[in-house]
Amino acid sequence: MRGGDTKTPLYASLTGIAANVALKVALMGPLAQVGLALATSVGAWINVGLVIFLARRKGYFALDARFKRSAGIVALAALGLGLVLWAGNTWLPRLMLHLPAFRAEAMLAIMAVAGGAVYGGVVWLGLKARRRAA
């Protein structure tokens, strides 16, 4: 928003907060703590989406090619991270059956390191490729 326009981001923020609270009430029962986290995430994305939408509508925000490339790199990295976490959740329990203790902790550590490596690697390769193209 342009300097001095404090109402528009305030309204977007209040809308995000209202959605957050409503979703927390709705999701706490069926999803417990996961519902609280999901509601917080959805409320934050509603806030971001509204601010971007309203800023674009007023002509204060435009997505340039550089931003789109960076967003594509991050989306690809997130997809890679998601695949690693899905694969880890699918195969690691069977591979960890021999551990007498700390099975869940070992799985979490492996998934965190592997996911971080894939995410970081994809971002690094994407930024490296972007620099070469420039």
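No lab work stands behind these numbers, since they all come straight from the coordinates. Bear in mind that the values here come from a model prediction, so they are computed numbers and not experimental data. Counting neighbours? That spans all protein chains shown, and the Cβs are built from the backbone with ideal geometry, glycine included.
Does Leu36 fit the bill of being over 30 Å from Gly126 (Cα atoms) and in contact with a helix residue (DSSP H, G or I) (Cβ under 8 Å, 6 or more places away or on another chain)?
It is true that Leu36 is over 30 Å from Gly126 (Cα atoms) and in contact with a helix residue (DSSP H, G or I) (Cβ under 8 Å, 6 or more places away or on another chain).
Taking Gly43 as the residue in question, decide whether it is under 25 Å from Pro9 (Cα atoms) and surrounded by 14 or more Cβ atoms within 10 Å (Cβ to Cβ).
Yes.
Applying the selection to region 96-120, what residues are over 20 Å from Leu83 (Cα atoms) and either small (Gly, Ala, Ser) or touching a Pro at 6+ places or on another chain (Cβ under 9 Å) (or both)?
Ala101, Arg103
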